[in-house]
Amino acid sequence: MPSLAERMSRAKPSAIMIIADKAKQLKNDGRDIISFSVGVPNFLPAEHVYDAARTALAEDSGQYLSGRGEDILVNAYLKRLEANGFSEFTKANIATGIGAKHILFSLLYALMNEGDEILIPTPFWTTYQDIADLLGLESQQLPCSAEQNYKLTAAQLEKAITPKSKVLLFNNPSNPTGMVYSQAEIKALGDVLEKHDLWIVSDDIYNRMVFDGIGFHHLLKTNPALKDRIIMIDSISKSYGMPGWRVGLMAGPESVADALVTLNSNSITNIPGVVGAAAAAAIAGPQNFADDMCREFTKKRDEVMETMAQIPEVSCPKPQGAFYAFPDISAVFGRMHHDQVIQNDVDFAERLLETKGVAVVPGRAFGTPNAIRISYACKPQELTEGLKRLRDFFSEIN
Ligand code: PMP
């Protein structure tokens, strides 16, 4: 048999999905499993989204369509950007894809040559590193500790940038930590970036999920001089309860949007018409549900933090966005759970799943093996029960 391409030796399946699959399998075997592992919100799209999809279906939307995105979707996104204070874009600045993950892959493919350096603040969303590996990029992980609230500092960024640095991959609010940068923190990073010629890929897919009234701030506003180098990414997955519909969006320089449209024309061709129409309806429709969503997530975040405060071995910076918490659990490494040693984050996650039926993701999937990620977007009863089991688990560690 002929061999696979050499680059496939660098590709690996998503570490988050491996745990999620294991949890699913245990559930199918009849075990009572609570999943804190995948980042899926526990609500469905609004009724007007389904209506738009049904109408598109009835109108024979199953033709080849625009690789940039149909006008209805592009215009809905432009209006949403404008409502959020980004009025500088036109259709030529926009491209769409099969989820933010696809947009990210296409972007790095379009912006970077093999061997170029990408800066990845760490903890990072797993896929960043996976795509970088697949494309043969040099990645420089910038470790941001729990003590610095998992946030990149301006001094750290300044020190990290080299002549080979081509892209900074910036994620705010963050998956996996739930951290949100303040306006001053963003401005400080922006001031550093103004002095260096690199692209800034800003993964903003959790921008509607910010709590405690701190607001969502963006480099494009604090440092408008960066306009020609910033690429914004958004997605319908988390905000509108539509992860499987697969629509991602980007806004940025025309040359970059055009590059993505060209890649689309050589790969996916277009977003399916029904899906595009549904996404447009979600983005153009009423947005007040976001307040309810944030209220619900704030309550859940508080419940998570109450539990964390009761576990002396854990240190967990308080998340202010998305729906993740990222407790540092390294204090229990080397200690015993019943007759078994917990050496590391993977042991911890496996043992927790096997003995308590709670699935979390080991921190190494995010470049940070001292921690675990808890996704708290599950049903409220599941959250309460899962947190109780987590507390019990810690209390059994000697
Ligand atoms: N960026 C981040 C930070 C994410 O957490 C995710 C999904 N987990 C994505 C991008 C990809 O989203 P999509 O479903 O639109 O591909």
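The values are calculated or read from the model by the stated rules, or taken from the named source; none is laboratory data. Owing to the predicted nature of the structure, the values given are computational and were not obtained by experimental measurement. In this analysis, Cβ positions are derived from the backbone assuming ideal geometry, glycine residues included, and neighbour counts consider all displayed protein chains.
Data overview
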| quantity | calculated |
| --- | --- |
| Residue check for Thr127: within 23 Å of Ser37 (Cβ to Cβ) and out of contact with any strand residue (DSSP E or B) (no Cβ under 9 Å at 6 or more places or on another chain) | yes |
| Residue count, segment 104-144 (criterion: assigned to a loop (DSSP other than H, G, I, E, B) and of a type in the set (A, V, I, L, M, F, W, C)) | 6 |
| Qualifying residue in segment 29-42 (condition: out of contact with any Leu (no Cβ under 6 Å at 6 or more places or on another chain), in a helix (DSSP H, G or I) and without any contact (Cβ under 8 Å) to a residue 60 or more places away in the chain) | no |
| Checklist (1) over 29 Å from Phe323 (Cα atoms); (2) modelled with pLDDT under 95; (3) out of contact with any helix residue (DSSP H, G or I) (no Cβ under 9 Å at 6 or more places or on another chain); (4) not hydrophobic (A, V, I, L, M, F, W, C) applied to Asp21, failing item | (1) |
| Pick from segment 182-223, criterion of a type in the set (D, E, K, R) and under 18 Å from Lys238 (Cβ atoms), ranking: surrounded by the most Cβ atoms within 10 Å (Cβ to Cβ) | Asp203 |
| Candidate set: segment 105-118, residues that are surrounded by 20 or more Cβ atoms within 10 Å (Cβ to Cβ) and touching a helix residue (DSSP H, G or I) at 6+ places or on another chain (Cβ under 6 Å); chosen: the one nearest to Leu137 (Cα to Cα) | Ile118 |
| Of residues in segment 130-148 being within 19 Å of Met179 (Cα to Cα) and crowded, with 17+ Cβ neighbours inside 10 Å, the one modelled with the lowest pLDDT | Ala146 |
| Test for Met250: is it outside any helix (DSSP H, G or I), surrounded by 20 or more Cβ atoms within 10 Å (Cβ to Cβ), at negative phi and touching an Asp or Glu at 6+ places or on another chain (Cβ under 7 Å) | no |
| Meets criteria (farther than 30 Å from Arg301 by Cβ, touching a strand residue (DSSP E or B) at 6+ places or on another chain (Cβ under 9 Å) and not small (Gly, Ala, Ser)) for Phe36 | no |
| Per-region count, segment 127-145, residues within 12 Å of Lys12 (Cβ to Cβ) and away from the ligand (no atom under 16 Å from the Cβ) | 1 |
| Which numbered condition Ser239 misses (of (1) among the polar types (S, T, N, Q); (2) more than 17 Å from Tyr376 (Cβ to Cβ); (3) within 16 Å of the ligand (Cβ to nearest atom)) | (2) |
| Verdict on Asp234 being acidic (Asp, Glu), more than 20 Å from the chain's Cα centre (by Cα) and not in a loop (DSSP other than H, G, I, E, B) | no |
| Positions within segment 146-176 being within 16 Å of the ligand (Cβ to nearest atom), among the polar types (S, T, N, Q) and assigned to a loop (DSSP other than H, G, I, E, B), in sequence order | Asn172, Ser174, Asn175 |
| Number of positions in segment 77-103 that are farther than 19 Å from Glu254 by Cβ, within 16 Å of the ligand (Cβ to nearest atom) and assigned to a helix (DSSP H, G or I) | 5 |
| Complete set of residues in segment 195-218 that are of a type in the set (A, V, I, L, M, F, W, C) and either within 16 Å of the ligand (Cβ to nearest atom) or closer than 18 Å to Ala284 by Cα (or both) | Ile200, Val201, Ile205, Met209, Val210, Phe216 |
| Selection within segment 177-186 - over 11 Å from Phe216 (Cβ atoms) and either within 16 Å of the ligand (Cβ to nearest atom) or modelled with pLDDT under 95 (or both) | Thr177, Gly178, Met179 |
| Qualifying residue in segment 189-204 (condition: under 14 Å from the mean Cα position of the chain (by Cα), in a loop (DSSP other than H, G, I, E, B) and under 26 Å from Ala155 (Cβ atoms)) | yes |
